[in-house]
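What follows is a set of notes on a single structure, which appears directly below.
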Amino acid sequence: MSKEILTLQSTFKEAIVSVKEFRGEHTANVRLEKLFEVMEFCRKDLGLDFLVDICSVDHESRDPRFEMVYELAKVDDSCHLRIKAAVAEDEEVPSVVALWKTANWHEREVWDLMGIKFSDHPNLKRILMWEGYPYHPLRKEFPLAGKPTEMPDVAFTGVAPMEGGPFVTSSGATDTVSAEPRAKGES
């Protein structure tokens, strides 16, 4: 086990549900109610100053249904640590934007696509789907073919706005000079 995992275990005895090492990757599963404290400790005391990613997993048939996954690292690449926390469908996850500003968009993406809410988030609104969209498309019950929408189908409105313009590639070109946008009208 890494010294960071051992430090976490000794500091947060009851908060750590389990730890795991697999192929040199270290993971700590923590209780949701202690997640912010653990993340704050990782940032301030363990020096994990780089939030690589935040994502979530939908275990549709399990209880709790969701799992939050945080990928942390040191900027000098000397340590990587994964923190996981189980989340029930009606629970909110504490936001870590106060610790890592980059968490802002990651948490918005999780909210938008999975429907997991974050408490104390400064601007929890959709980031990929439009406001008012009633679904969360990465949930398991969301159909692969999608759902009908009232939004106009802008992808098939006819001529593309920049068709033939200086920054559009020509896919049917016979050579690279005529295919490249920067070469149009210059050679």
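Tabulated data for the structure shown
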| read-out | value |
| --- | --- |
| Least to most buried among Glu40, Glu60 (fewest other Cβ within 10 Å first) | Glu60, Glu40 |
| Between the range 74-107 and the range 109-142, the alpha-carbon center distance in angstrom | 16 Å |
| Virtual spin-label span in nm between Phe22 and Gln9, 7 Å along Cα→Cβ | 1.8 nm |
| Added length on full extension, which subtracts the Cα-Cα distance from 0.36 nm per residue, Asp76 to Met129 | 15.6 nm |
| Rounded to whole Å, sorted largest first: equivalent-ellipsoid semi-axes of the range 3-153, Cα gyration tensor | 30, 17, 14 |
| Partner aspartates and glutamates for Lys147 [C-alpha distance under 17 Å; skip if fewer than 8 residues away on the same chain] | Asp112, Glu131 |
| Cα→Cβ-extended label distance, 7 Å offset, between Val57 and Asn29, nm | 0.9 nm |
| Paramagnetic label zone (point 7 Å from Cα along Cα-to-C-beta, Glu141; backbone N under 20 Å) in the range 73-107 | 87-93 |
| Surrounding net charge for Val38, when Lys and Arg each add one and Asp and Glu each subtract one, Cβ distance under 13 Å | +1 |
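Bear in mind that the values in this text are calculations on the coordinates, not laboratory data. Bear in mind the structure is a predicted one, so any value in this text is a computation, not a measurement. Using ideal geometry, Cβ is built from the backbone for each residue, glycine included, and neighbour counts are taken over all protein chains shown.
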